[in-house]
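So the structure is just underneath, and the comments pick up after that.
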Amino acid sequence: MPLLDVQGLTTRFAMRGETVHAVEDVSFVLEEGEVLGVVGESGSGKSVMASSLLRLLPMPPAQIAAGQALLQTESGPLDLLQLSEREIRRVRGREIGMIFQDPMTSLNPYLRLSTQLTEGLRRHYGLSKRAAIEQAIEALERVGISDAAKRIHSHPHEFSGGMRQRVMIAMMLLLQPRLLIADEPTTALDVTVQRQILDQLGALCRDARTAVLLITHDLGVVAQRCHRVMVMYAGQVMEIGPSQVICEAPRHPYTQALLRARPSASLRGQPLYALPGNPPDLREPPVGDPLLLRPGVTGGDRWRTERPPLEQVGAGHWVRASEAVLPAWEEVRDA
Amino acid sequence: MPEQVPPTEKLPPPGRSYWGDAWSRLARNRLALISLWVLVGITLFCVVGPWLRGYGFNDQDYARVFADPSGAFPFGTDDLGRDQMVRIMVGGRVSLGIGLTATAVTLIIGVLYGAVAGYAGGRLGALMMRLVDVLYAMPFTIFVIMLLTFFGRNMWLLFVAIGAVEWLTMARMVYGQVRSLKERDFVLAARMLGQPWYRIVWRHLLPNVLGVIVVYATLTVPSVILLESFLSFLGLGVQAPRPSWGSLIKFGADQMTTSPHLLIIPALFFSVTLFCLNFLGDGLRDALDPQSRRD
């Protein structure tokens, strides 16, 4: 039994009579201790998908129109999408943790770390304040904050961005979740700090056998740190499979475009390949291959009016059928 | 933002509460501290004074009308020969009492209502704020007259009535603040730790709004004191012969050309109180913000 089994997750936003189809029929599984990368452009539905699992979206306007998400817990499988508000609160933090993109706003500036770090422990595990503080100090030390016993009593503004992200990681891992959702955890940090934080996060999760859903723009991160990767576009899964396979031999044209947009040392001095235009307007759900709506992309009529299916192309490797042809590099450069 | 706290900086002793911290920061603000003591002094003067003074606030003596300040009557006497000092003391009880009670009512209702509406957002929040708009549109005097005629004339009721009107602005302000704060990730983080909504509002959002609340509250006190004197003028507030600072100032203004002390002294008490409240509010705003701690 996988730790998390998501089937047909569909999330929509009802806005002024219009419906935004943010996540369409997303399915994937996540095993215990596995790191799954989720990549895609901004607006491709990655974050909405993750927030849907924890039901953090404001409802209305958001609504989870279909799907199920079975999470294995000590008391048997739970369908996250069916739980009551009170039940999902017990899952949040305890079973699934989440860290966010911007560490500058993810800690409350008015509360000491000691308060923020111990809240979850006291709520979920019923620890005394003293015991909770002791555990919190240990957690801070594990993420590499020196002099934690003293600094746990400081306020967030006394820490730099990288330090705050470590505090966030400590705060979420303290509750020993089975799954950690990291929504672009290092986007707001500079490159050297990014690396340290990802190393630390990876090591801690490996030790605790915590599964990680790593949402990122950075394909380098995916290749190095994820077991598997899921590529999303227009709220749909384009390709999912072992990250090494996908990074070396991407099958879907969209994945290929993403990989070609990566800077690399061998292409020094050359402009990067970037698909012109933006992801499609999801107020009208793309009926066919969503990539065909992108300017410059050409291709056959096979998937113009019918949604292409996901096809298995290798061990654990699925690709959405597509006949889209990416614009040539010269065309993109001149655009 | 310093990466490392320099080892020389003294970290606060562990386990000190938010309020303990705020107090130590306030204690370092000299102007705010002086204001606090002046306010305590004025309050004691008004509360304890009448018992020590030996005159009642309505003891009339036509042999000494409009007396200038002297040893026996440091603040002089009024048109009926009443001791102006004891009248200022008793008037202060009313004005300070109304300022504090009505502001407390404003705080409790306005802050809770605004915070809940802001956090709920969506349709419920909008509905709650439309109710505030409706009440806003209601003429204030009619509302107070209604309250006072239904429930009888009573000083405490008057305090509550004023508070019940003043909370609207506070609710709007807190609503706006909470709505913008609730989009910040730390609220999401608190939800991710499994916190229920009421704890998020109370522990995470309100401390962030506290600075604004305190400043607005210190501005509410004087406006409430003025409101009381306006109501007294209409015959709805405190009734003659009971004085309040507002009515004393109004009376003094009429006698300005002949007995200026009847205006100057109560006005002095009133304005010193307001100044002190403003300085104190400013100091509190800084003290309540942990990020302002630098020296």
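Is the C-alpha gyration tensor of chain B telling us rounded, prolate or oblate? Criteria: a/c under 1.5 is rounded; beyond that, a/b larger than b/c is prolate, otherwise oblate. Please report the intermediate quantities before stating the final value.
On the way: a/c = 3.26, a/b = 1.59, b/c = 2.06.
Verdict is oblate for chain B.
Would you mind checking the radius of gyration and Dmax of region A:7-51 based on alpha-carbon positions, in Å?
Reported Rg and Dmax, both Å: 12.5, 42.
With N denoting the number of residues in region B:142-221, provide Rg(C-alpha) divided by 2.2 N^0.38 Å, to two decimal places.
Values: Rg = 17.3 Å, N = 80, 2.2 N^0.38 = 11.6 Å.
Taking N as the residue count of region B:142-221, the ratio is 1.49.
Can you pull the one-decimal nm distance between simple spin-label points at B:A267 and A:S264, each 7 Å off the Cα toward Cβ?
8.3 nm
When a footprinting reagent is the concern and you count Cβ atoms within 10 Å, what order do A:R251, B:R203, A:R130 take, fewest first?
On the way: A:R251 21, B:R203 17, A:R130 9.
So the ranking, lowest neighbour count to highest, is A:R130, B:R203, A:R251.
List the aspartates and glutamates whose Cα sits under 17 Å from the Cα of B:K182, skipping any in the same chain fewer than 8 residues away.
A:D102
For region A:190-335, what is the convex hull volume of its Cα atoms per residue in Å³?
Numbers: hull volume 20.5 nm³, N = 146.
Spread over its residues, the Cα hull of region A:190-335 gives 140 Å³ apiece.
Tell me, what HN-Hα J-couplings in whole Hz come from the Karplus equation 6.51 cos²θ - 1.76 cosθ + 1.60 at θ = phi - 60° for each residue of region A:225-242, using x for Gly and Pro?
Those phi angles translate into 10, 9, 6, 10, 9, 10, 9, 10, 8, 6, x, 10, 7, 9, 7, 9, x, x Hz.
Using only Cα atoms, figure out Rg for the protein assembly as shown and give it as a multiple of 2.2 N^0.38 Å. Write out the running numbers ahead of the final one.
On the way: Rg = 32.7 Å, N = 630, 2.2 N^0.38 = 25.5 Å.
After normalising by residue count via 2.2 N^0.38 Å, the value is 1.28.
Taking 25 Å as R0, compute the FRET efficiency from the Cβ-Cβ separation of A:R302 and A:Q63 and round it to 0.05. Each step should come with its number before you reach the end.
On the way: r = 32 Å, r/R0 = 1.29.
FRET efficiency, A:R302 to A:Q63: 0.20.
From the P(r) of region A:106-151, can you give the percent of Cα pairs sitting at distances over 17 Å?
Details: 326 of 1035 pairs.
Above the 17 Å cut-off, region A:106-151 has 31 percent of its Cα pairs.
Counting helices only, and only those DSSP H runs with n ≥ 4, report the 222 nm mean residue ellipticity of chain A as the sum of -39,500 (n - 2.57) divided by its residues, in deg cm²/dmol to the nearest 500. The partial results should precede the final answer.
Numbers: 11 runs with 105 residues, N = 335.
The helix contribution divided over chain A gives -9000 deg cm²/dmol.
Exposure proxy check: A:S106, B:S247 ranked by fewest other beta carbons within 10 Å?
Numbers: A:S106 26, B:S247 23.
Least crowded to most crowded, the residues run B:S247, A:S106.
Is the shape of region A:229-302 best called rounded, prolate or oblate, per the rule: a/c under 1.5 gives rounded, else a/b larger than b/c gives prolate, else oblate, with a ≥ b ≥ c the square roots of the Cα gyration tensor eigenvalues? If you can, show how the numbers build up before the last one.
Details: a/c = 2.15, a/b = 1.41, b/c = 1.52.
Oblate.
Comparing B:A189, B:A67, B:A120, which has the greatest mean-square fluctuation in the GNM of chain B with Cα pairs linked when under 10 Å apart?
B:A189
Please give the length that would be gained between A:R283 and A:E18 if that part of the chain were fully extended, namely 0.36 nm times their separation in residues minus their C-alpha to C-alpha distance (nm, one decimal).
On the way: separation 265, 0.36 × 265 = 95.40 nm, distance 0.66 nm.
Here the answer is 94.7 nm.
Need the full-extension length gain, B:I34 to B:W51, defined as separation in residues times 0.36 nm minus the C-alpha distance. One decimal, nm. Numbers along the way, then the final one.
On the way: separation 17, 0.36 × 17 = 6.12 nm, distance 2.62 nm.
Gain on extension, B:I34 to B:W51, equals 3.5 nm.
Could you pull the Rg and Dmax for chain A, using just the Cα atoms, both in Å?
Values for chain A (Cα only, Rg and Dmax): 20.9, 66 Å.
List the pair-distance distribution P(r) of region B:39-139, using every Cα-Cα distance, as the percent of pairs falling in each 10 Å bin from 0 up to the bin containing the longest distance, rounded to whole percents.
Histogramming region B:39-139 at 10 Å steps yields 14, 28, 18, 14, 15, 9, 2 percent.
Arrange B:I225, B:I142 by Cβ neighbour counts within 10 Å, fewest through most, would you? Each step should come with its number before you reach the end.
Details: B:I225 25, B:I142 9.
Ranked by crowding around the Cβ, least crowded first: B:I142, B:I225.
Once label points are set 7 Å from the Cα along Cα→Cβ at both B:V134 and B:Q255, what is their separation, rounded to one decimal in nm?
Between B:V134 and B:Q255, the label points sit 4.8 nm apart.
Give the aspartates and glutamates whose C-alpha is closer than 20 Å to that of A:K129, dropping any in the same chain fewer than 8 places away, or say none.
Partners within reach: A:E119, A:E138, A:E141, A:D147, B:D21.
Let me check the size of region B:159-270 from its C-alpha atoms; what are the radius of gyration and Dmax in Å?
21.2, 70
Quick one: if the Förster radius is 41 Å, what FRET efficiency do A:L272 and A:R90 give, using the C-beta to C-beta distance and rounding to 0.05? Provide the component values of the computation, followed by the final result.
Values: r = 46 Å, r/R0 = 1.11.
About 0.35, to the nearest 0.05.
Under a GNM of chain A (C-alpha, springs under 10 Å), which listed residue has the highest mean-square fluctuation: A:M59, A:M168, A:M104?
A:M59
Along region B:241-249, what does the Karplus equation 6.51 cos²θ - 1.76 cosθ + 1.60 (θ = phi - 60°) give for ³J(HN,Hα), rounded to whole Hz, x for Gly and Pro?
Per residue, the Karplus-derived 3J(HN,Hα) values read x, 4, x, 9, 4, x, 6, 5, 5 Hz.
If you plug each phi of region A:146-154 into the Karplus form 6.51 cos²θ - 1.76 cosθ + 1.60 with θ = phi - 60°, what whole-Hz ³J(HN,Hα) values come out, in order, with x for Gly and Pro?
Going residue by residue, I get 6, 6, 4, 4, 8, 6, 5, 8, 8 Hz, with x marking Gly and Pro.
To the nearest µm²/s, what D does Stokes-Einstein give for region A:1-134 at 20 °C and 1.002 mPa s, using the Kirkwood radius over alpha carbon pairs as Rh? The partial results should precede the final answer.
Details: Rh = 16.7 Å.
The calculation lands on 128 µm²/s.
State, to one decimal in nm², a quarter of the convex hull surface area for the C-alpha atoms of region A:120-221, i.e. the direction-averaged projected area. Before the final figure, lay out each step's value.
Numbers: hull surface 26.7 nm².
Answer in nm², one decimal: 6.7.
Let me know the Kirkwood hydrodynamic radius for region A:232-273, please, with Cα pairs as the basis and the value in Å to one decimal.
Details: mean 1/r = 0.0878 Å⁻¹.
Kirkwood radius, region A:232-273: 11.4 Å.
None of the figures in this text is laboratory data; all of them are computed from the coordinates on show. Given the structure is predicted, the values throughout are model-derived calculations rather than measurements. Virtual Cβ from ideal backbone geometry, glycine too; neighbours counted across all protein chains shown.
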